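Working notes for the structure below.
The values are calculated or read from the model by the stated rules, or taken from the named source; none is laboratory data. What you are looking at is a predicted structure, and each value in this text was computed from that prediction instead of being measured. For neighbour counting, all protein chains shown are included, and Cβ atoms are generated from backbone atoms with ideal geometry for every residue, glycine included. These accessible areas exclude ligands, DNA and RNA; they are computed on the full protein's heavy atoms, side chains included. Shrake-Rupley method; radii C 1.70, N 1.55, O 1.52, S 1.80 Å.
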Amino acid sequence: MRLQDKVALITGASSGIGRETALLFAAEGAAVVVADVNDKDGEKTAADVTAAGGKAVYVHADVSKASDSENMVRVAEDTFGKLNILFNNAGIMHSADDNAITTEENIWDLTMAINLKGVFLGCKYGIPALRRAGGGSIINTASFVALLGAATPQLAYTASKGGVLSMTRELAVIHARENIRVNALCPGPLRTELLMSFLNTEEKKQRRLVHVPMGRFGEAKEIAYAALYLASDESSFVTGTEFLVDGGITAAYVTPE
Ligand code: NAD
């Protein structure tokens, strides 16, 4: 198994990418800490892991709060003895996030608090735990929007993901000689709750799909497999990357008809 004897903490693991990753990491031998604000679905992720023969515990953690972030790391060490993998994946895309003129300040602040400060806080409390374990792997979920601009604006979301990408690079450089690898995972548009509630009409979906060479939305499972590679020792020389799993969207200028 590819994550035998590892302990992984995954934020936003009640749904989408985080949930699929929790199930996959556990199937590959990791003990998983499922962290989220959605307790009902988070408990379900942990229960599903256990029912499949794996090890998991759920912890309520709002990643924008320092005390919750500190606690989720403590739960990992108290429950499973150590922390080897930190997947800072929780994020929001607010329906009122728009252009600079129309986006309210509170929407900007909320998005930054969860998507960007949440990653910082995960690292603030997670890195000392990884050090105690002799090193490890951090994966921060950014997005293809950190690399491309869109005329359908989500200014706060895009800026937050740009921040995640540049913060990841710097963290990778700082901690490279401590056996701590830090990579960003940049998904393309996915068929998860987050994007489908935003692209809530067929017309909006098609407008986005026109730009994806593969002509379809990605699945959370396809991102989980990339996270598995970055989490495992197979990626031992990989750090500071912007790991794209995007159906070709960032490579495209004109897509096939
Ligand atoms: P999702 O909505 O299915 O899952 C996100 C999870 O984060 C939910 O379980 C939610 O409860 C949790 N969450 C929200 N706020 C939180 C907080 N303050 N503290 C802890 N947990 C919180 O979405 P997803 O598509 O699986 O998204 C996961 C990550 O992938 C996000 O960072 C998102 O920005 C990123 N991403 C998604 C897409 C896409 O198209 N879906 C594309 C690129 C990047």
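A few comments on the model shown:
- For segment 121-164, residues that are more than 16 Å from the ligand (Cβ to nearest atom) and crowded, with 21+ Cβ neighbours inside 10 Å total 4.
- Count of residues meeting criterion [out of contact with any Asp or Glu (no Cβ under 8 Å at 6 or more places or on another chain), open to solvent by less than 70 Å² (accessible area, probe 1.4 Å) and modelled with pLDDT of 95 or more] in segment 245-257: 6
- The set of residues in segment 90-120 that are in a helix (DSSP H, G or I) and surrounded by fewer than 16 Cβ atoms within 10 Å (Cβ to Cβ) comprises E105, N106, D109.
- Residue list for segment 21-46, filter: in contact with a Gly (Cβ under 6 Å, 6 or more places away or on another chain) and of a type outside the set (G, A, S): V34, D36
- Out of A159, A184, one residue alone is modelled with pLDDT of 95 or more and within 20 Å of H94 (Cβ to Cβ). It is A159.
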